[in-house]
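Asker: The structure is given below, and queries will be raised subsequently.
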Amino acid sequence: MEADAAALIGAGLAYGLAAIGPGVGIGIVVGNAVQAMVRQPEMAGQVRTTMFLGIAFTEALALFGLLLFFILFGAGG
Amino acid sequence: MTVPVLAQVVEVPSNVNHLFDWPAVLPFGINRVVLLMFLATLATFLFLYLPVRTPRVVPSKMGVVVETLVNFVRNGIARDTIGPESAKYEWLLIPMFFWLLFLNLFEITPLIHFPVTSRMAIPALLAGLVWVTFVFVGLKKHGLSYIKHSLIPPGVPKALLVLVIPIELLSTFLIRPISLAVRLFANMIAGHIMLAVFFLTTASYFVFEPKVVAFAIPLAFAIVITAFEIFVAVLQAFIFTLLTAVYIESSINVEH
């Protein structure tokens with residue numbers, strides 16, 4: 001019973017903590033991309049592609065946390 | 001309060017593993033997922049073939065749509081990322097983009113409402129294919145020095161190599177395919193769960209507490225998230241194809 005509870009608490013913590021870093025990171029990526037697009041609108045297309053690439057790499061960490069949530073939730077629930 | 005109410009309307013799975021069950025409906029283990037995969041394959045084939053099967057000077061309306069989308073993948077993703085050699089890899093990128101697009105869009109297709117890519121097997125298989133492709137391209141182009149160049153970044157001091165080589169080995173040959181597969185899978189399953197939660201909350205309020213205010217709020221959220229999921233479905237197909245192109249490019253120009 002205690003192990004199940006620990007797994008469930010861990011599941012919540014895993015996703016919550018994993019979301020912090022990528023949240024900040026995606027903010028930085030998009031913020032700087034907007035700045036670049038405003039400064040050089042003629043490069044907007046290329047900046048947008050690179051921005052999505054950056055978002056994808058950053059987001060992967062949060063999604064690993066989500067996966068960990070499923071694993072721990074399955075172990076506890 | 002919501003959960004017992006919900007349990008009377010729908011079957012609530014005992015735990016999250018229910019999401020990963022694969023009950024077969026036909027022989028050879030063919031289930032709903034596989035049938036939808038066949039449907040997406042057929043849709044991709046018909047979408048890419050029918051509108052442009054007879055060459056015309058002025059393409060039909062559907063032909064213009066198909067040409068625009070294919071040109072987007074061919075030029076916007078393949079050529080801009082890989083460079084002049086991109087034509088060699090279109091056989092992989094163009095069908096993969098449309099296949100993933102159809103599989104993802106099943107999430108919000110009426111009467112289907114199931115993102116097929118939220119089953120890990122499909123992203124994992126595609127990521128494996130991408131892994132084989134970019135390793136093969138690198139080995140064919142550079143021979144064994146591909147491994148050496150991809151493990152040792154230029155300008156690293158000799159003493160640091162002990163640290164750098166394992167990190168590069170992990171990040172290039174292990175984390176790359178895993179994160180490629182997990183990104184698609186987790187995005188689609190997260191969207192699916194979000195939609196399910198809001199629609200089921202709407203349903204249970206509608207049945208057991210039929211006040212307009214009570215079920216209008218989750219319904220509004222569900223509609224907004226449906227629109228968001230269309231965006232996510234297109235974006236994830238785009239990102240998957242773009243990253244494939246990026247990985248192939250990094251195998252071609254492995255020296256820098």
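Asker: Mind ordering B:199-210, B:53-64, B:181-192 by average Cβ neighbours within 10 Å, highest first?
Answerer: Per-residue mean Cβ counts within 10 Å order the peptides as B:181-192, B:199-210, B:53-64.
Asker: Give the long-range amide H neighbours of residue B:30: residues separated by 5 or more places, or on another chain, with amide H under 5 Å away, using H modelled in the peptide plane at 1.01 Å from N.
Answerer: Distant-sequence amide H within range of residue B:30: B:25.
Asker: Taking all pairs of different Cα atoms in the range A:2-75, averaging 1/r and flipping that mean, what Kirkwood radius in angstroms comes out?
Answerer: On the way: mean 1/r = 0.0727 Å⁻¹.
Final number for the Kirkwood radius of the range A:2-75 is 13.8 Å.
Asker: Which whole-angstrom value gives the distance between the alpha carbon centres of the range B:84-104 and the range B:186-212?
Answerer: What the calculation gives is 34 Å, centre to centre.
Asker: Whole number in Å², please: accessible area per residue of the protein assembly as shown, 1.4 Å probe, ligands, DNA and RNA not counted.
Answerer: 55
Asker: Here is a further query. Using only alpha-carbon positions, what ratio does the radius of gyration of the range B:133-256 give when scaled by 2.2 N^0.38 Å?
Answerer: Expressed relative to 2.2 N^0.38 Å, the Cα Rg reads 1.67.
Asker: Provide a whole-number value for the mean count of partner chain Cβ atoms within 10 Å of the Cβ atoms in peptide A:28-41. Before the final figure, lay out the partial values.
Answerer: Details: counts 0, 0, 0, 0, 0, 0, 0, 0, 0, 0, 0, 0, 0, 0.
What the average comes to for A:28-41 is 0.
Asker: I need the phi-derived Karplus couplings for the range B:173-181: 6.51 cos²θ - 1.76 cosθ + 1.60, θ = phi - 60°, integer Hz, Gly and Pro marked x.
Answerer: Once θ is set to phi - 60°, the couplings for the range B:173-181 become 9, 10, 5, 4, x, 5, 5, 4, 6 Hz.
Asker: Does anyone have the angle between helix B:121-142 and the longest principal axis of chain B? Alpha-carbon axes, 0 to 90°, nearest 10?
Answerer: Orientation of helix B:121-142: about 10 degrees from the principal axis.
Asker: A further question on this structure: Can you run phi through the Karplus equation (6.51, -1.76, 1.60; θ = phi - 60°) for the range A:50-58 and list ³J(HN,Hα) in whole Hz, with x for Gly and Pro?
Answerer: Each residue of the range A:50-58 in turn: 5, 4, 4, 4, x, 4, 4, 5, 5 Hz.
Asker: Still on this structure: Normalised by the empirical 2.2 N^0.38 Å for globular proteins, what value does the Cα Rg of the protein assembly as shown take?
Answerer: Compactness ratio reported: 1.12.
Asker: Within 10 Å of each Cβ in peptide B:76-82, how many partner chain Cβ atoms are there on average? Round it to a whole number, please.
Answerer: For peptide B:76-82, the averaged partner shielding equals 1.
Asker: Now for a separate question. Taking the Cα centre of chain B as origin and charging only Cβ (+1 Lys, Arg; -1 Asp, Glu), how large is the dipole, in debye to the nearest 20?
Answerer: Roughly 540 debye, rounded to the nearest 20.
Asker: If you don't mind, another one. Rounded, prolate or oblate: which one fits the range B:39-252, using the alpha carbon gyration tensor with axes a ≥ b ≥ c (rounded when a/c is under 1.5, else prolate when a/b beats b/c, else oblate)?
Answerer: Verdict is oblate for the range B:39-252.
Asker: Nothing charged except the Cβ atoms of Lys and Arg (+1) and of Asp and Glu (-1): what's the magnitude of the dipole of the protein assembly as shown about its Cα centre? Round to the nearest 20 debye.
Answerer: The calculated dipole for the protein assembly as shown is roughly 880 debye.
Asker: Whole-Hz Karplus ³J(HN,Hα) for the range B:60-71, in order, using 6.51 cos²θ - 1.76 cosθ + 1.60 and θ = phi - 60°, x for Gly and Pro?
Answerer: So the J values, rounded to whole Hz, are 5, 4, 5, x, 5, 4, 4, 4, 4, 5, 5, 5.
Asker: Also, I was wondering about something else. Can you give the relative contact order of chain B as a percent, counting alpha carbon pairs under 8 Å and 6+ residues apart?
Answerer: RCO, chain B: 26 percent.
Asker: Using only Cα atoms, find the angle between the long axis of helix B:212-252 and the longest principal axis of chain B, and express it within 0 to 90 degrees, rounded to the nearest 10.
Answerer: 10
The values are calculated or read from the model by the stated rules, or taken from the named source; none is laboratory data. Since the model is a prediction, treat every value here as computed from it, not as a measurement. Quick reminder, even Gly has a Cβ in these numbers, built from the backbone with ideal geometry, and neighbours come from all protein chains shown. For accessibility, only protein heavy atoms count, side chains too; no ligands or nucleic acids. Shrake-Rupley method; radii C 1.70, N 1.55, O 1.52, S 1.80 Å.
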